[in-house]
Each structure stands twice: as C-alpha cells, then as structure tokens.
Amino acid sequence: MTPMIVQYLVGLCCLRNDPDAVDITIGDLVMDGAARKRRDVDVTVTLHESDGVRAFKAYEVKRERKPLDVQIVEQLCMKLRDMPD
C-alpha cells in the first residue's frame, strides 16, 4: 500500500469520526479462532466509537503477475472469516 492509499483510507474512516478513532496497522497478528493461533494480516483497520468498535477490516496484499486463482481467493476469504476479533 502506498502512503497515499493509507491517507485515503484514514480520510474515509474519519468522515464520521475524529482521526483518533481510526487505527490502521500494517503488519499485524490477529487471532484465528479456527486455527487457534495468531496469523499474519497485512493491513488491519479498526474504527472506534463511543459505544465500542464499530468496524474492523483486514486486508491481504498480493502482488502477482496473473490474476489470483479462485481457490486462492477462497482460501483468503476463509482465513479472514475465521478472525472475527
């Protein structure tokens, strides 16, 4: 991710909140409930509001020459689905 993309992401999250409510972490370990271990996630975005965490997003960054195969995309979806926290 380029610094500009990170700035856009923070800006979008701040539309409804102040900048202190947005937490973007590049290179994070997130608990995977199915695997019962912490797994690497390239980018995590957490939006905190007064009533708790409103949104949490995780991104996997891939730089491939060809489009990803459906099987790889499904594996990535399952990985992120197993990380509700």
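Tabulated results
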quantity	calculated
Selection count where residues are surrounded by 12 or more Cβ atoms within 10 Å (Cβ to Cβ) and out of contact with any Ser or Thr (no Cβ under 6 Å at 6 or more places or on another chain), scope segment 37-52	9
Residue within segment 44-60 that is assigned to a helix (DSSP H, G or I) and of a type in the set (A, V, I, L, M, F, W, C) present	no
Unmet requirement for PHE56, which otherwise passes all of (1) modelled with pLDDT of 80 or more; (2) of a type in the set (A, V, I, L, M, F, W, C); (3) open to solvent by less than 90 Å² (accessible area, probe 1.4 Å); (4) within 24 Å of LEU9 (Cα to Cα)	(1)
Residue satisfying all of: in segment 62-85; under 23 Å from ARG36 (Cα atoms) and assigned to a loop (DSSP other than H, G, I, E, B); modelled with the highest pLDDT among these	ASP82
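Residue by residue, here is whether (1) modelled with pLDDT of 80 or more; (2) open to solvent by less than 90 Å² (accessible area, probe 1.4 Å) holds:
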{"site": "THR2", "(1), (2)": "no, yes"}
{"site": "LEU9", "(1), (2)": "no, yes"}
{"site": "LEU15", "(1), (2)": "no, no"}
{"site": "ASP18", "(1), (2)": "no, yes"}
{"site": "ALA21", "(1), (2)": "no, yes"}
{"site": "ILE24", "(1), (2)": "yes, yes"}
{"site": "ASP32", "(1), (2)": "yes, yes"}
{"site": "ALA35", "(1), (2)": "yes, yes"}
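Listed here are the residues, each with its yes/no results for (1) of a type in the set (Val, Ile, Thr); (2) at positive phi.
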{"position": "VAL10", "(1), (2)": "yes, no"}
{"position": "PRO19", "(1), (2)": "no, no"}
{"position": "VAL22", "(1), (2)": "yes, no"}
{"position": "ILE26", "(1), (2)": "yes, no"}
{"position": "GLY52", "(1), (2)": "no, yes"}
{"position": "ASP69", "(1), (2)": "no, no"}
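The values are calculated or read from the model by the stated rules, or taken from the named source; none is laboratory data. Keep in mind the model is a prediction, meaning the values are calculated, not measured. No Cβ is skipped: glycine too gets one built from the backbone with ideal geometry, and neighbour counts run over all protein chains shown. All accessible areas refer to the heavy atoms of the entire protein, side chains included, with ligands and DNA or RNA removed. Shrake-Rupley method; radii C 1.70, N 1.55, O 1.52, S 1.80 Å.
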